[in-house]
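Written out below as structure tokens is the structure these notes cover.
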Protein chains: 2
Amino acid sequence: MGSASIEPQRLVVSFAPPRDFVTTLKSDLKETFFPDDPFQQFRNEKPSRRLKKALQYFIPIFEWLPKYNFHLFRYDLLAGITITSLAIPQGISYARLASLPPIIGLYSSFVPPLIYAVFGNSKHLAVGTVAACSLFLQSTISDVVSPNDDPALYLRLIFTSTFITGIFQTALGFLRLGILVDFLSHSTITGFMGGTAIIICLQQLKGIFGLLHFTTKTDVISVIHAIFKNRKEWRWESIVVGVTFLCFLQVTTYVRKKKPKLFWVSAIAPMVTVVVGCLFAYFTHADDHGIQIVGHLKKGINPSSIGLLNFDSKYLATVIKAGLVTGLIALAEGIAIGRSFAIMQNEQVDGNKEMIAFGFMNIVGSFTSCYLTTGPFSKTAVNFNSGCKTAMSNIVMAVSMALTLLFLASLFSHTPLVALSAIIMSAMLGLIKYEEAYHLYKVDKFDFIICMAAFFGVAFISMEVGLMISVGFSLIRALLYVARPASCKLGKVPNSTIYRDTEQYPDSADLKGILVLQLGSPIYFANSTYIRERILRWIREEQAVSNFEGSILEHVLLDLTGVTSIDITGIETLIEVRRTLLANDIKMAIINPRIKVMEKMIASKFIDIIGKEYVFLSIDDATEACRFSLQRPKPNGNCSLEDSSTTVV
Amino acid sequence: MGSASIEPQRLVVSFAPPRDFVTTLKSDLKETFFPDDPFQQFRNEKPSRRLKKALQYFIPIFEWLPKYNFHLFRYDLLAGITITSLAIPQGISYARLASLPPIIGLYSSFVPPLIYAVFGNSKHLAVGTVAACSLFLQSTISDVVSPNDDPALYLRLIFTSTFITGIFQTALGFLRLGILVDFLSHSTITGFMGGTAIIICLQQLKGIFGLLHFTTKTDVISVIHAIFKNRKEWRWESIVVGVTFLCFLQVTTYVRKKKPKLFWVSAIAPMVTVVVGCLFAYFTHADDHGIQIVGHLKKGINPSSIGLLNFDSKYLATVIKAGLVTGLIALAEGIAIGRSFAIMQNEQVDGNKEMIAFGFMNIVGSFTSCYLTTGPFSKTAVNFNSGCKTAMSNIVMAVSMALTLLFLASLFSHTPLVALSAIIMSAMLGLIKYEEAYHLYKVDKFDFIICMAAFFGVAFISMEVGLMISVGFSLIRALLYVARPASCKLGKVPNSTIYRDTEQYPDSADLKGILVLQLGSPIYFANSTYIRERILRWIREEQAVSNFEGSILEHVLLDLTGVTSIDITGIETLIEVRRTLLANDIKMAIINPRIKVMEKMIASKFIDIIGKEYVFLSIDDATEACRFSLQRPKPNGNCSLEDSSTTVV
């Protein structure tokens, strides 16, 4: 970079002609929909091997089953039995949360896990129903059909909604639209889960207090109001039993937190609660003392429900809404959880393949009397901790559940509702993540606001509105990132040829008569006005300093290293800025446009307008050129903008 | 940068503690809402001068009127009279387009220009009604009230909608939400204007063919169908007169294009058309021969309409919709036009102040029997070409219009409708910009799609749907920019210390065992999954090459120069990537995090996790460190990912 010579050797900028449209389109489509390059492994393979690989790729069971052995099965058997003991109480509880017959919850732990074991991508994910989606289904579908007045129709609409969820998830997977799930940010999910946990806990107070009448609304205020309005129905027996169970469950959770090795204590605690509750209810005839029980559970595995799907236009809009929203929430939860556990073991989970697996699982589920399933956090964590090795643990769970349905169903009919309420409450308390929210608050205030919007929206308005507000904030933020991209002034770091933000590195030196600006992110219609105004402001500020020091600003260098793309409006903005600067005897040069930007600049003749000699590969080259080769402006005195304040200001 | 020494001197990275929350919030809010730093001029001023400056800032007439003189007035007088000659025919025509009494169009050129002259920021903008908004108002309001069945109520709703537009525009200005207008991109506006021009031209065929019955729909197919369905009503007299006028107007436009000095020919052509049309109709009793005329025009200036505003909840939703959409379109047109002409003279127009001026103009307008006004392109261009110097030309127009209303109104009652149709058609033909669309097609295919979506949406579905589709595409594009940010692999440019994209600069050399990646744009929830997958893909590709060459990939350097901000999800992604790499014996270092990114990294303990020694100020520093100071991974053979394909792939 010989800075000593008068005309230093300049690095050559590439003005290669733009790539043709088909090439750039192909590359853009690939980055948008196939960022993980899924077909890379099939290249350079023989057709027969390619078919085998494709089969293994699309149906993962073909990948792991041939390598499966008894050693692995021992782990999966234990994990499978453990998650079954969680699946029975959770299945019954969440079905009640969705105002469904409890048996539907058990059905949902039989067929969907089998499907997932075939198509699923994750080794640790355990399939089951989830509280948030159960409540959402209930609150949406009960708007059009009351589960008390017409339970048969209500059930049919739930199946239909599950079917729609399945179709939607499969379609998203095939269209490789995993990108949609990306817009449910971590902060949104944290807030949404917390808010949902709060309202679900409050819903459970109905069971704990042994109430017969309750509200169908989900927000905090309505629920608390309903509890106090019906205080004549409060039963102390129910309260005592409920609080006892709740304390027991919380203690086991505490034990797991303190001694992670004892995770199985909290894993089997719900089953213990149910069994103890059953025995207690059976021997004390608890239902005569105000403690309600689940009631009759029909023996036998899932009946077909394919004929029950109901696409009546009267309900279709509601059913589709419920299906799409719960489908998206279920995907976000399932994929996020699958990924989190995979990362712990340095594995990858392909979101698009997961969507297809979830989709198949729900389509088949809706044909076999199951409602919405996904990968719930609690079950998956227990599965992982129990040492599962492959999706075989889901098969074990499915088989255990089938045996339960065939032979043990009636045993669970004495389960007291209050025990189920205690199980749900205990699970929900773990979903309110204070520390996470505090961490968000410390690191990023806007993320915190997004999280709180979801939390309070869900708790005080409705689940739907809370989610929408939070996603809305996330989108506004995403748009603000592009509408107000950061720019900064660069100075030369002493003893180097590099240039850095003068705010961040106050030691870096200003260059006499030269202003170096770094722009970030794409330049295009949504931010071009801002960028123009911001550049002109930088120049005004710089001129104020220059004037004070008696020097004159002669050159403005725009470092485009961080500009990933530009559109027509953006190019026009740069042309306008240049025109304004020229009118004030300031020369503008651009530095290091990236390949896509350079292509647009060539195609739009921008390079011809500003001249190739004003495009540099590095800032150092440009500053050298400013000192030596680029002609100075005519020295006609008042070329400062301060004198004629209307021109730039 | 002594690369010869074994342990080269390293540039110091700034790990300054994060700025406090209030400082960053203030700076963020300023960049979002006050990017032009409007209060900069008030600093360091005495209170009395500050008040004066503030008054001049908020009410621009105080700025220019004291300096006004007769010399300037001569220019403004000429320009004002010229635009009045355009305002009369346009006012009548566009009022008819909005299904309003023609006199309302004349009223709208009296009060609003006066208000704009006081508060307006642009020197060249001429106030008036516009075709697109007139048609939009008509098509929206006529959905709830037919202008033929209940013209009084229809008129009241139009005034109400204008009032809402005014309130909306004022609010946007005070809230400094000029950012909203930025999302109506140039491509959207080009397409929308073109589509609107097509449907307005077709609407005028009613006048040209002299039809009595017509459709209320605006799409191309309905209109053409209506014309042919009513072909028995076609009047040859009307067609001959219309085509004659249209040819005359097109010839004058052609003259202006060829000889820009003769712009006044096309400026007064509409007035000539109207006058000739009046005389022709008067002397030939044209209305007896199937050529309809405007009919009685009431003498006198604007009556008050403040009592006519109607906020009946039955119509409110429609009225608000009409008000907001036309308000936004009017702003986009008015501000864009004001800015374009200001740029020609190196002046700035403050979008937020313009919004307030437009808002006041429409609020007062709605109280004085005017409907929606803004700065139409045709009038403003004529004003500029006629040599206007200040907003005084608007005052001249207002006074001329008042005189016309008081003394000449009845003269215009003989204007044949067919003449007005010819005037509108001729104006609209100029708005279909083939070359612009072709330019978009050449430079940016996505911009072209956005433009075409607006064009065909407006022409074949409805104005609203066309606009929405186009804005939707623009937003998707804005979101894709953040969801799929470009990344590239850097190589060292020969004979330098700089690193550039190896695709763009194929000469730049790979570094043995080191992969340098440049990330662009913010890293956050919407793109973190993509970024992780993309980084891992770069590594896989690099490893394939390394393996072939027999070397081992040991270091991955992430250049964050282009990363303007990061959120929690983004930081977690980087941690995950690092964990995956470490498991494969690859070390990860980051280069030059910008100030906001560094603050987040410190606050979230990311820097503590990766270690300060893995953060570098320049790529060259980092590569030196990779060679010398950073410890090599343990040489235990198979650290390539290829051997254990599940780990990263």
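Scanning segment A:528-551 for residues that are β-branched (Val, Ile, Thr) and touching a Lys or Arg at 6+ places or on another chain (Cβ under 9 Å) gives a single hit, A:Thr529. Inside segment A:586-611, residues that are over 23 Å from A:Tyr499 (Cα atoms) and away from every other protein chain (no Cβ under 12 Å) make up a count of 5. Scan segment A:271-288 for residues that are crowded, with 20+ Cβ neighbours inside 10 Å and hydroxyl-bearing (Ser, Thr, Tyr) and the total you get is 1. Determine whether A:Pro8 is at the interface with another protein chain (Cβ under 10 Å from one of its Cβ atoms) and at pLDDT below 75. Judged against the criteria, A:Pro8 is not a match.
Please list, ordered by first then second residue, the pairs with beta carbon atoms under 8 Å, 6 or more apart or interchain, first in segment B:360-372 and on the phi > 0 side of the Ramachandran plot, second hydroxyl-bearing (Ser, Thr, Tyr) and in a loop (DSSP other than H, G, I, E, B). Here the result reads B:Ser369/B:Ser304; B:Ser369/B:Ser305, each pair linking segment B:360-372 to a residue that is hydroxyl-bearing (Ser, Thr, Tyr) and in a loop (DSSP other than H, G, I, E, B).
When we screen B:Pro113, B:Pro101 for residues that are within 27 Å of B:Ile200 (Cβ to Cβ), surrounded by fewer than 24 Cβ atoms within 10 Å (Cβ to Cβ) and not β-branched (Val, Ile, Thr), the only hit is B:Pro101. B:Gly80 passes every criterion in (1) buried (at least 24 other Cβ atoms within 10 Å of the Cβ); (2) not aromatic (Phe, Trp, Tyr); (3) not assigned by TED's automatic domain parsing to the domain that holds B:Val181 apart from (3).
Restricting segment A:480-525 to residues that are part of a loop (DSSP other than H, G, I, E, B) and of a type in the set (D, E, K, R), the residue that is nearest to the chain's Cα centre (by Cα) is A:Arg484. The number of residues in segment B:612-639 that are part of a loop (DSSP other than H, G, I, E, B) and either modelled with pLDDT of 85 or more or away from chain A (no Cβ under 14 Å) (or both) comes to 13. Test each condition in (1) at pLDDT 80 or above; (2) closer than 28 Å to A:Arg534 by Cα; (3) among the charged types (D, E, K, R) for B:Asp350 and report the one that comes out false. In the conditions (1) at pLDDT 80 or above; (2) closer than 28 Å to A:Arg534 by Cα; (3) among the charged types (D, E, K, R), B:Asp350 misses (1) alone. Looking only at segment A:526-553, residues that are surrounded by 19 or more Cβ atoms within 10 Å (Cβ to Cβ) and in a loop (DSSP other than H, G, I, E, B) come to 2 in all.
Applying the selection to segment B:394-418, what residues are small (Gly, Ala, Ser) and either within 20 Å of B:Gly80 (Cβ to Cβ) or touching a Pro at 6+ places or on another chain (Cβ under 8 Å) (or both)? Correct list: B:Ala398, B:Ser400, B:Ala402, B:Ala409. Under the condition of being more than 7 Å from every other protein chain (Cβ to nearest Cβ) and either closer than 25 Å to A:Thr569 by Cα or of a type in the set (Gly, Ala, Ser) (or both), the residues counted in segment A:489-503 number 2. Look at segment A:16-27: where a residue is at the interface with chain B (Cβ under 9 Å from one of its Cβ atoms) and a partner is part of a helix (DSSP H, G or I), sitting 6+ places away or on another chain with Cβ atoms under 7 Å, you get A:Phe21/B:Lys445. Of all the numbered requirements in (1) touching a residue at least 12 places away in the same chain (Cβ under 8 Å); (2) under 19 Å from A:Val516 (Cα atoms), A:Glu541 misses one, and that requirement is (1). Kindly indicate the residue of segment B:504-525 that is facing chain A (nearest Cβ under 9 Å) and not polar (S, T, N, Q) and also nearest to B:Phe628 (Cα to Cα) among those meeting that condition. Only one residue tops the list, namely B:Asp507.
Scanning segment B:546-583 for residues that are under 22 Å from B:Cys626 (Cα atoms) and in contact with an Asp or Glu (Cβ under 8 Å, 6 or more places away or on another chain), we see that the one that is nearest to the other protein chains (Cβ to nearest Cβ) is B:Asn547. Taking segment A:158-258 as the region of interest, the helices (runs of 4 or more DSSP H) fully inside it that hold 3 or more residues being of a type in the set (Ser, Thr, Tyr) and within 14 Å of chain B (Cβ to nearest Cβ) are A:186-209. Residues considered: A:Ser139, A:Ser134, A:Ser146. Of these, the only one that is away from chain B (no Cβ under 14 Å), small (Gly, Ala, Ser) and part of a loop (DSSP other than H, G, I, E, B) is A:Ser146. A:His439 fulfils the conditions (1) surrounded by fewer than 23 Cβ atoms within 10 Å (Cβ to Cβ); (2) closer than 30 Å to A:Arg540 by Cβ; (3) facing another protein chain (nearest Cβ under 8 Å) except for a single criterion, (2).
All conditions but one from (1) more than 27 Å from A:Leu560 (Cβ to Cβ); (2) facing another protein chain (nearest Cβ under 9 Å); (3) charged (D, E, K, R) apply to B:Arg537; the one that does not is (1).
The values are calculated or read from the model by the stated rules, or taken from the named source; none is laboratory data. No experiment lies behind these values; they were computed from the predicted model shown. So basically every Cβ, Gly included, is an ideal-geometry build from the backbone, and we count neighbours across all protein chains shown.
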